[in-house]
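> I'd like to ask some things about the structure below.
The values are calculated or read from the model by the stated rules, or taken from the named source; none is laboratory data. For clarity, every value in this text was computed on a predicted model and none was experimentally measured. When we count neighbours, we look across all protein chains shown, and the Cβ atoms used for this are built from the backbone with ideal geometry, even at glycine. Each accessible area value is taken on the protein alone, full model and side chains, heavy atoms only, with ligands, DNA and RNA left out. Shrake-Rupley method; radii C 1.70, N 1.55, O 1.52, S 1.80 Å.
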Amino acid sequence: NLVIYNDTGNIQIGDTVEITGDLTVSGDLSIGNDAEITSVGSMVFRIDSDNNENSQTFTWKDNASDTIAALNENGEFTVYGGALGDPHITLHQTGQNVAYGPPLLDFYREDTLVDNADLGMIRFIARDSADNSQTYAQIIGHAEESGSGTEGGKIKLQVATHDGEIQTGVLIEDGDAEDEIDVTIANGSSSLTTVAGNLNVTTNIE
């Protein structure tokens, strides 16, 4: 059924409506309470499909119209905190079958690598007392050796060191023999390394 109310400009469509072609909406589209969007095949959401603007985003908002998440056309995804709570991402495996794997987070660079390429980074950023954006700590996954059959990795744990410069405090890296891993702790001769407990050395101290 199609009922048009000329006095208000509203259009009411009853029961189920099937649209076999494209549906173009130039204004807002409102979906009713507890609605569900389904697809019998793949579903694609595109930003700025006519490519006539810059820095367009998919934005999610709460009931107070505060932005809680945004995905822009450069692939940058941001989750915001606000009056309703802090930003929080959970990877939750609900399956109880032991054959299911654990929650997984991958950093995957698909391009052909060269030696000493960064693979992924986790950064901890805040404002300093002058309102400057400062990275205080970061973790970097690194491809130290990219040759097929001789691949070797590296992990860097880094912090800002008193003057804002980022330095590596713990370095775990591929050694020079199969199954060997070298670890470097602290940075510089004046650094202090504290072991709160027993230290067991199985071979030599050099």
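> List the relative contact order of the range 74-176 as a percent without decimals, with contacts defined as Cα pairs under 8 Å and 6+ residues apart.
With pairs under 8 Å counted, the relative contact order is 16 percent.
> Checking the a/c ratio against 1.5 first, then a/b against b/c, what shape does the Cα gyration tensor give for the range 46-95?
oblate
> Can you pull the one-decimal nm distance between simple spin-label points at Tyr108 and Val25, each 7 Å off the Cα toward Cβ?
According to this spin-label approximation, the distance is 3.2 nm.
> Next question. In the chain, carbon and sulfur make up what percent of the accessible area (probe 1.4 Å)?
Solvent-exposed carbon and sulfur of the chain make up 47 percent of the total.
> Can you figure out the FRET efficiency of Ser146 with Thr193, using R₀ = 22 Å and their beta-carbon distance, to the nearest 0.05?
It comes out at approximately 0.10.
> While we're looking at this one, here's another question. Can you tell me which of 26-35, 57-66, 155-164 comes out highest on packing, and rank the rest after it, using the mean Cβ neighbours within 10 Å?
In descending order of packing, they fall as 155-164, 57-66, 26-35.
> Which three numbers, in whole Å and largest first, are the semi-axes of the equivalent ellipsoid of the range 149-192 derived from its Cα gyration tensor as √(5λ)?
Semi-axis lengths for the range 149-192 are 26, 11, 6 Å.
> Follow-up. How high is the FRET efficiency from Leu119 to Glu53, r the C-beta distance, R0 41 Å, rounded to 0.05?
For R0 = 41 Å, the calculated efficiency reads 0.80.
> So how much slack lies between Val98 and Gln134, counting 0.36 nm per residue of separation and subtracting their Cα-Cα distance, in nm?
Value of the extension gain: 8.7 nm.
> May I pose another question? So for Glu73, Glu173, Glu165, Glu110, what's the accessible-area order with a 1.4 Å probe, most first?
Glu110, Glu165, Glu73, Glu173
> Send over the Kirkwood Rh of the range 61-183, from the inverse of the averaged 1/r over different Cα pairs, rounded to one decimal Å.
18.3
> If you don't mind, there's one more thing I want to ask. What do the square roots of 5 times the Cα gyration tensor eigenvalues come to for the chain, in whole Å, largest first, as semi-axes of the equivalent ellipsoid?
51, 23, 19
> Enter the accessible area of Ile37 (Å², nearest 10), with the probe set to 1.4 Å and all protein chains included.
Spelled out: Ile37, probe radius 1.4 Å, area about 120 Å².
> Another question about this same structure. Taking square-rooted eigenvalues a ≥ b ≥ c of the alpha carbon gyration tensor, is the range 119-206 rounded, prolate or oblate, where a/c under 1.5 means rounded and, failing that, a/b exceeding b/c means prolate?
oblate
> Mind jotting down the distance between the C-alpha centroids of the range 19-44 and the range 55-107, whole Å?
Each part's Cα centre sits 22 Å from the other's.
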